[in-house]
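A short reminder: the numbers here are calculations on the coordinates, not readings from a lab. These numbers were taken from a predicted model, which means no experiment stands behind them. Neighbour counts run over all protein chains shown; Cβ positions are idealised from the backbone, glycine included.
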Amino acid sequence: MNRSLLIPLILGIIIIFHVIRLTIRSSTHHFSCSECGENFQVSFFNYTFTAHSLDGKCSVKCPKCGKTNMLKPLKGKK
Ligand SMILES: [Zn+2]
């Protein structure tokens, strides 16, 4: 195989696995709003393009009160 193709190929595989992992996470986890207590799920798109902290928290916006907070994903659907 051409060596110059190897690095883009490996990067592509890593990105695909990351997207699959986020897709599964966004459909199997929910968030609980720290302001109003609303439980909600976010779409894969919102989940992927939001800010993530190192301890796994995501910056998500509550659909009920509109507050954006760093919330930890909780297991299970809402
Ligand atoms: Zn809320």
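Based on C-alpha pairs under 8 angstrom that are at least 6 apart in sequence, the range 3-75 has a relative contact order of 27 percent.
The angle between the Cα long axis of helix 6-28 and the main principal axis of the chain comes to about 20°, on a 0 to 90 degree scale.
Taking the Cα centre of the chain as origin and charging only Cβ (+1 Lys, Arg; -1 Asp, Glu), how large is the dipole, in debye to the nearest 20?
On the way: 11 positive and 3 negative charges, 26 e Å.
Dipole magnitude for the chain comes out near 120 debye.
With N residues in the range 3-75, what two-decimal value do you get for its Cα radius of gyration over 2.2 N^0.38 Å? Walk me through the intermediate numbers first.
Numbers: Rg = 15.0 Å, N = 73, 2.2 N^0.38 = 11.2 Å.
Here the answer is 1.34, to two decimals.
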